Amino acid sequence: MPKGTALPPPERPVADETADALPSKARAIMAEVTATLSSDALEGRAPSTAIEPKVLDAIITRFKAAGLQPGNHGEWLQEVPTVEITATDPTPMAVTGKGTSQTFGYGDGYVAASYRVVPETRIADSELVFVGYGINAPELGWNDYAGIDMKGKTAVILVNDPDYAAQTEDGLFKGRRMTYYGRWTYKFEEAARQGADAALIVHDTFPAAYGWNVVNSSWTGAQYYVQTPDDGASATKANGWIQKAVAETLLKSAGQDLSALSEAARRPGFKPVPLGLKVRFGFDNTVRKSSSHNVVGVLPGTERPDEYVLYTGHWDHLGHCTPDASGDDICNGAVDNATGIGALTALANANVEAGATARSQVFLAVTLEESGLLGSEYYAANPVFPLDHTVGGVNMDALLPGPRARSFAMVGGDKSDLTALFRAALADEGLGEVPEDHSERGSYYRSDHFSFAKRGVPMFNFERSTDLVEGGRAAGDALSEDYVTNRYHAPSDEYSADWNWDGIVQEVSLFYRLGRDLADSDSWPNWHEDDEFRAVRDKACAASQGGC
Ligand SMILES: [Zn+2]
């Protein structure tokens with residue numbers, strides 16, 4: 001949940017509740033569904049466990065009652081095959097060359113994991129190449145891999161993007177605002193496309209926004225992926241992180257200087273720097289295959305049923321977790337994200353009752369968001385409805401109870417034609433717009449809409465500001481702070497009959513209107529010309545038969 005920065009309130013009066021297009025019973029539906037899904041009986045909705053069928057049944061029952069049809073060729077479920085890989089017996093990292101030989105420990109010097117489903121991972125005699133920020137962005141005329149063949153080599157990559165330290169959001173990589181190119185997921189994907197053996201990101205607390213302890217704890221232990229037909233063979237052999245001090249030592253022994261090279265990497269025309277050092281490390285992999293399920297409901301369109309508008313939200317949460325002081329060990333996930341499924345259900349009801357739109361509307365409850373957006377990733381890689389026939393959509397993740405807000409923020413900034421629709425809706429509702437708070441954190445890249453966006457489908461993601469109609473920013477910040485500090489991913493994220501649904505109703509009313517407008521129009525909104533996702537959409541649309 002959101003914190004916008006203080007801007008003056010909108011000049012128009014805030015519309016009262018009766019002006020909301022969303023039917024008034026949406027509130028009761030959302031409360032019922034949230035209460036059911038977050039009850040102790042559903043044990044915190046851990047995917048791929050014995051409780052999963054009960055959770056899926058609860059969602060399907062609601063989708064049926066709303067009047068949706070099963071969306072996956074007559075079935076409600078889409079199986080999501082997953083693989084869990086745990087590195088065991090890691091070796092230290094050995095680096096030789098230029099007359100030196102050094103080793104760095106696993107956990108304190110480096111961490112790494114395999115994206116490939118293989119019994120063991122060995123990186124041997126792989127030449128280290130410093131590739132700056134590891135970005136290849138043709139639309140920006142930027143290629144950190146220019147002129148080098150990475151086959152058999154290991155990329156050493158800086159975290160974030162070249163202008164992360166800026167105060168403003170101006171610049172090729174949008175200044176302090178996080179871009180896709182600044183995300184670690186992108187860097188590993190690009191290193192794989194370049195054919196590298198392995199990729200190692202240099203950790204640095206400020207641009208990474210978290211300490212080495214976070215890297216260490218999230219990269220040691222089980223890693224989760226969706227199964228792919230090639231068992232991950234198109235990924236690098238190993239992806240990992242090294243401590244900044246390790247990078248400094250390495251570069252020094254190569255006759256280089258990390259801060260000088262980092263400085264060079266911020267300027268256009270940077271060329272990759274082979275370090276004349278070879279790296280060796282490895283580990284065994286314990287592999288466990290499993291599966292979970294997405295729920296797919298559809299309301300077929302009346303005029304162009306083969307064009308689709310999405311509503312998405314994740315049903316999974318953390319299940320049993322670390323007990324709190326009272327001994328409660330169920331992470332119920334009421335806000336995160338029983339509310340999103342409550343909203344999905346209420347939107348299904350409202351749309352069925354208002355009558356089908358020209359285009360089909362898809363209601364997608366995805367799994368395994370908490371494990372790294374895996375359910376949406378699987379759907380987007382194996383779409384039930386082709387992505388070049390998918391106009392766009394709205395994702396809902398963790399709707400925070402509380403009073404109505406005066407304003408909303410576009411998460412990710414103004415990236416696409418969807419911004420104009422968003423602004424028109426705000427104006428009609430008498431709501432203001434504030435900039436996204438903490439744009440450097442890259443929230444746009446951290447929930448399920450991103451799985452669609454990176455494949456070119458324009459997706460809305462916006463947030464209610466903390467500037468409340470009653471109580472203003474002080475009250476809103478306190479509510480948000482209470483959730484982040486006391487409830488987020490904790491057993492106390494529980495439903496209460498005392499919840500104030502006014503803010504959520506306000507938010508879902510916008511989702512309702514925007515989804516319906518998109519589903520009744522014949523336009524195909526696109527990303528802006530210089531956006532990171534424009535090229536992939538244009539390519540898909542150029543090849544499309546009757547879609548975008
Ligand atoms: Zn969530």
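With the requirement that a residue be away from the ligand (no atom under 16 Å from the Cβ) and surrounded by 22 or more Cβ atoms within 10 Å (Cβ to Cβ), what does the stretch 435-451 give you?
Of everything in the stretch 435-451, just one residue is away from the ligand (no atom under 16 Å from the Cβ) and surrounded by 22 or more Cβ atoms within 10 Å (Cβ to Cβ), namely Glu436.
How about the stretch 145-184: which of its residues are of a type in the set (Val, Ile, Thr) and either under 13 Å from Phe270 (Cβ atoms) or surrounded by 22 or more Cβ atoms within 10 Å (Cβ to Cβ) (or both)?
Residues satisfying the conditions are Ile148, Thr154, Val156, Ile157, Val159, Thr179.
So, in the stretch 296-314, how many residues would count as being within 21 Å of Ala346 (Cα to Cα), more than 16 Å from the ligand (Cβ to nearest atom) and either in a strand (DSSP E or B) or modelled with pLDDT under 95 (or both)?
The number of residues fulfilling the criteria is 7.
Of the residues Leu387, Leu364, which is away from the ligand (no atom under 14 Å from the Cβ), under 14 Å from Ser451 (Cα atoms) and surrounded by 24 or more Cβ atoms within 10 Å (Cβ to Cβ)?
Leu364 is the lone residue from the list that is away from the ligand (no atom under 14 Å from the Cβ), under 14 Å from Ser451 (Cα atoms) and surrounded by 24 or more Cβ atoms within 10 Å (Cβ to Cβ).
With a cut-off of at least 1 residues that are under 25 Å from Val226 (Cα atoms), among the aliphatic types (A, V, I, L, M) and touching a helix residue (DSSP H, G or I) at 6+ places or on another chain (Cβ under 7 Å), name the strands (runs of 3 or more DSSP E) lying wholly within the stretch 81-194.
Those strands (runs of 3 or more DSSP E) span 110-113, 153-158.
Give the number of residues within the stretch 452-480 that are crowded, with 24+ Cβ neighbours inside 10 Å and over 16 Å from Glu433 (Cβ atoms).
5
Within the stretch 213-226, count every residue that is on the phi < 0 side of the Ramachandran plot, surrounded by fewer than 17 Cβ atoms within 10 Å (Cβ to Cβ) and touching a residue at least 12 places away in the same chain (Cβ under 8 Å).
The number of residues fulfilling the criteria is 2.
Looking at Asp108, Asp149, Asp89, which one is among the acidic types (Asp, Glu) and more than 20 Å from Asp284 (Cα to Cα)?
The unique qualifying residue is Asp149.
Residues checked against (1) touching a residue at least 12 places away in the same chain (Cβ under 8 Å); (2) under 26 Å from Asp57 (Cβ atoms); (3) among the aromatic types (Phe, Trp, Tyr); (4) surrounded by 24 or more Cβ atoms within 10 Å (Cβ to Cβ):
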residue	(1), (2), (3), (4)
Asn351	yes, yes, no, no
Ala356	yes, yes, no, no
Ser360	yes, yes, no, yes
Glu370	yes, yes, no, no
Gly375	yes, yes, no, yes
Ala398	yes, yes, no, no
Pro403	yes, no, no, no
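Six or more apart or on different chains, Cβ atoms under 8 Å: show the pairs whose first residue is in the stretch 309-320 and more than 21 Å from Gly297 (Cα to Cα) and whose second is modelled with pLDDT of 95 or more and in a strand (DSSP E or B).
Leu318/Cys331; Gly319/Ile330; Gly319/Cys331; His320/Ile330; His320/Cys331
Among (1) under 18 Å from Val384 (Cα atoms); (2) surrounded by fewer than 24 Cβ atoms within 10 Å (Cβ to Cβ), there is one condition Gly313 misses while meeting the rest; what is its number?
(2)
Across the stretch 367-378, which residue is nearest to Gly547 (Cα to Cα) among those that are of a type outside the set (D, E, K, R) and either within 16 Å of the ligand (Cβ to nearest atom) or touching a Lys or Arg at 6+ places or on another chain (Cβ under 7 Å) (or both)?
Looking at the filtered set, the residue picked out is Ser376.
Quick check on Val279: is it surrounded by 22 or more Cβ atoms within 10 Å (Cβ to Cβ) and within 29 Å of the chain's Cα centre (by Cα)?
When the stated conditions are applied, Val279 does not pass them.
Is it fair to say Tyr224 is within 16 Å of the ligand (Cβ to nearest atom) and farther than 30 Å from Asp517 by Cβ?
yes
Does Thr49 count as under 21 Å from Ser292 (Cα atoms), within 26 Å of the chain's Cα centre (by Cα) and assigned to a loop (DSSP other than H, G, I, E, B)?
Here the answer is yes, as Thr49 does meet what is asked.
Return only the number of the condition from (1) more than 19 Å from the chain's Cα centre (by Cα); (2) at pLDDT 95 or above; (3) within 16 Å of the ligand (Cβ to nearest atom) that Cys321 does not satisfy.
So the condition that Cys321 fails would be (2).
Can you tell me how many residues in the stretch 324-341 are within 11 Å of the ligand (Cβ to nearest atom) and either more than 23 Å from Phe450 (Cβ to Cβ) or not acidic (Asp, Glu) (or both)?
7
So, in the stretch 97-139, of the ones that are surrounded by fewer than 17 Cβ atoms within 10 Å (Cβ to Cβ) and of a type in the set (A, V, I, L, M), which residue ends up farthest from Thr185 (Cα to Cα)?
Ala124
Under 9 Å between Cβ atoms, which residue pairs at least 6 apart in sequence (or on different chains) link something in the stretch 322-346 that is within 27 Å of Val362 (Cβ to Cβ) and free of Cβ contacts under 8 Å to residues at least 60 places away in the same chain with a partner that is among the aromatic types (Phe, Trp, Tyr) and in a helix (DSSP H, G or I)?
Cβ pairs passing all conditions: Leu344/Phe63.
What's the total number of residues in the stretch 400-411 that are within 16 Å of the ligand (Cβ to nearest atom) and under 17 Å from Ala475 (Cα atoms)?
So the answer is 2.
Among (1) of a type outside the set (D, E, K, R); (2) surrounded by fewer than 21 Cβ atoms within 10 Å (Cβ to Cβ); (3) modelled with pLDDT of 95 or more, which single condition is Gln194 missing?
It fails just one condition, (2).
The values are calculated or read from the model by the stated rules, or taken from the named source; none is laboratory data. Computed from a predicted model, the values in this text were never measured in an experiment. Cβ sites come from the backbone with ideal geometry, for glycine too, and all protein chains shown count toward neighbours.
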